[in-house]
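So the structure is just underneath, and the comments pick up after that.
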Amino acid sequence: MQKSYTIIISLIVAMGGFLLGFDSAVISGAVNGIRTYFEMSDWQLGFAVGCVIFGAMFGNIFAGPLSDQYGRKKLLIITAVLFTVSALWSALATNYISFVIARIIGGIGIGGAILIAPIYIAEIAPPKLRGSLVSLNQLNIVLGISAAYFSNYFLKDIEGESWRWMLGVEAIPALIYFFALFAVPRSPRWLIQRLNKVAFAKKILVKIGGEEFATVTIAEIQRGIDKKEAKGTYADFFSRKMTVIVTIAFGLAFFQQITGINAIFYYAPTIFEQAGGSSDASFLQAIVVGLTNVIFTFVAIWLIDRLGRKPLLLIGTSSMAIALIMATLAFNNASYHFDTKAIEKVENSEIQAALSQLNGSTYFSQKELFSKVEPLLTEAQFISFKQNEIKNFININAVLVLIAILLYVAAFAISLGPVMWTMLSEIFPGNVKGIAISIVGFFNSLVSYTVTQFFPWELTNLGPTLTFAIYAGLAVLSIAFVSRFVVETKGKTLEEVQELLIKSEEE
């Protein structure tokens, strides 16, 4: 009973991770719909998709201090409200500014959930269950991403503006999360540390692990209060002795995002359409991407304490580089053929008439294609061609593109995805860990936003070949970084990790 009670509580709280993943990925299916409805440029689309990360930054900054002040449970309930409001508001938005505000509100919920949910679970779980229960949050994130792809596929054919249903459906799990959280107790550690409600906390701890567990845990919490280490400062974080640790942390945070993972998650159907896939096929392929992410997250959980952090990072980043090179080659070897059937697929009649002059022509590079198409169209028409119509004329090895994307996602899921957060929790001294993870998390979100903002512009102006080539080059740099700077922490105590890093610094 005690074990099942703890698991149920953890599963409820981990729904925050599910909503985080769902909110992050659901926009992928709505991209074409919102671009058309709000008449967005590439930059506006990039911001509409990426602004959620701005909200997450605010959530990162304020969630920790507010949860210390008012409690983990109250902050989790607030995140559920934010997810609900964001889903309904974005689904009902009638102008661009309103839509962006709704997305930012959801981002604040993401920033809060990604920090508070694992903190709560870690504080309430018995030591022997802590690792597996905390991992529920990461697992729920990838399940949420996969669920968003499934949801988008089944809602895409609704008459009218299907994108509104895609975004609004998130309100259902968000409301379930909101009401379920009222069945969750407050963190016993917070009750003792903040309010000194020992008797109240003991009742919760007895439900979790029994009388003996409650007594021992309360004694440990009170001993920790008596011997509390001096709280670290921002100056401590940036001090010279932290150079090696900070280099590892910022490097992993940078390469985790700059290699393009959120471009894949946020724009998966768009990428597959660029490879000539139909709308139906593109949404189905996005589902496969989500399932691959889930499966290989399980693989990562199984391997991380067996194989080690650094080997996983090296295997993963090497495989990511190979996958991105494969995608680059697939798009580079594509050709573009104009025939009557392809030209008739163009929706804009003026563009269709202009392109009819190229009937029977074949071009073997995007540069050659654009040089022939651009003189025939107005500037606005040419942008529309690059965004919406080029897919009708491309001849490409679509299977190779799919394999490349799946290999990339699988490699990320076993390496930079989970390993970065694991190592951040291990390499920082306890007195600066809170500050450190907030700073590095903020930087990680900033890089993520940059990738998300630029990706539509890159596809339109640089083309998929050069875009994936850039990501491939960055993946190769990530291999060099991991090989040179990252240390292995598997099987070491936190104190041993600190000694290893200090030794490395002195050398």
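The values are calculated or read from the model by the stated rules, or taken from the named source; none is laboratory data. Source: prediction; values computed, not measured. Because the Cβ atoms are built from the backbone with ideal geometry, glycine has one as well, and the counts that use them run over all protein chains shown.
If the condition is being of a type in the set (A, V, I, L, M) and in contact with a helix residue (DSSP H, G or I) (Cβ under 7 Å, 6 or more places away or on another chain), then the stretch 297-314 contributes Val299, Ala300, Ile301, Leu303, Ile304, Leu312, Leu313, Leu314. For the stretch 278-303, residues that are surrounded by fewer than 21 Cβ atoms within 10 Å (Cβ to Cβ) and farther than 17 Å from Gly144 by Cβ total 8.
If the condition is being over 18 Å from Thr489 (Cβ atoms) and aromatic (Phe, Trp, Tyr), then the stretch 268-318 contributes Phe272, Phe283, Phe296, Phe298.
Take Val432 and decide whether it is assigned by TED's automatic domain parsing to the domain that holds Ala472, under 16 Å from the mean Cα position of the chain (by Cα) and touching a residue at least 40 places away in the same chain (Cβ under 8 Å). Answer is no for this residue. In the stretch 106-131, of all residues being farther than 14 Å from Gly17 by Cβ and of a type in the set (Val, Ile, Thr), the one that is modelled with the lowest pLDDT corresponds to Ile124.
Put simply, of Val134, Val81 the only residue that is modelled with pLDDT of 85 or more and not assigned by TED's automatic domain parsing to the domain that holds Val432 is Val81.
In the stretch 42-52, what residues are within 14 Å of Arg103 (Cβ to Cβ), modelled with pLDDT of 85 or more and of a type outside the set (S, T, N, Q)? Result: Leu45, Gly46, Phe47, Ala48, Val49, Cys51, Val52. Identify the residue in the stretch 304-326 that is more than 21 Å from the chain's Cα centre (by Cα) and among the aliphatic types (A, V, I, L, M) and, among all such residues, is surrounded by the most Cβ atoms within 10 Å (Cβ to Cβ). Only one residue fits best here, namely Met326. Based on what the data block shows, is Glu170 more than 30 Å from Glu458 (Cα to Cα) and among the acidic types (Asp, Glu)? Answer is no for this residue. Filtering the stretch 352-376 to residues that are crowded, with 19+ Cβ neighbours inside 10 Å and touching a Leu at 6+ places or on another chain (Cβ under 8 Å) leaves Ala354, Leu355, Leu358, Tyr363, Val373.
With respect to the conditions (1) farther than 30 Å from Leu252 by Cβ; (2) in contact (Cβ under 8 Å) with a residue 40 or more places away in the chain, Ala330 falls short on a single one, namely (1). Does Ser335 fit the bill of being among the small types (Gly, Ala, Ser), in contact with a Ser or Thr (Cβ under 8 Å, 6 or more places away or on another chain), surrounded by 16 or more Cβ atoms within 10 Å (Cβ to Cβ) and in contact (Cβ under 8 Å) with a residue 40 or more places away in the chain? In short, no. Taking the criterion of being of a type in the set (Val, Ile, Thr), assigned to a helix (DSSP H, G or I), over 16 Å from Val346 (Cα atoms) and over 24 Å from the mean Cα position of the chain (by Cα), the only residue of the stretch 375-427 that qualifies is Val399. Scanning the stretch 13-54 for residues that are part of a helix (DSSP H, G or I) and surrounded by fewer than 21 Cβ atoms within 10 Å (Cβ to Cβ) gives Asn32, Gly33, Thr36, Tyr37, Asp42, Trp43, Gln44, Phe47, Phe54.
Taken over the stretch 1-41, the criterion of being at pLDDT 85 or above and charged (D, E, K, R) is satisfied by Asp23, Arg35, Glu39. Looking at Ile479, Ile437, just one residue is assigned to a helix (DSSP H, G or I) and modelled with pLDDT under 80, and that residue is Ile437.
So is Val346 surrounded by 19 or more Cβ atoms within 10 Å (Cβ to Cβ), out of contact with any strand residue (DSSP E or B) (no Cβ under 8 Å at 6 or more places or on another chain) and part of a loop (DSSP other than H, G, I, E, B) or not? Yes.
Is it the case, given these coordinates, that Ile119 is within 23 Å of Ser24 (Cβ to Cβ), within 25 Å of the chain's Cα centre (by Cα) and touching a residue at least 40 places away in the same chain (Cβ under 8 Å)? So Ile119 fits the description; yes. Residue count for the stretch 142-168, restricted to those that are crowded, with 19+ Cβ neighbours inside 10 Å and not in a helix (DSSP H, G or I): 1. A residue that is within 21 Å of Leu136 (Cα to Cα) and modelled with pLDDT of 85 or more occurs somewhere in the stretch 312-332. Within the stretch 460-475, the residues that satisfy the criterion of being touching a Phe, Trp or Tyr at 6+ places or on another chain (Cβ under 8 Å) and within 21 Å of Val31 (Cβ to Cβ) are Gly463, Pro464, Thr465, Thr467, Phe468.
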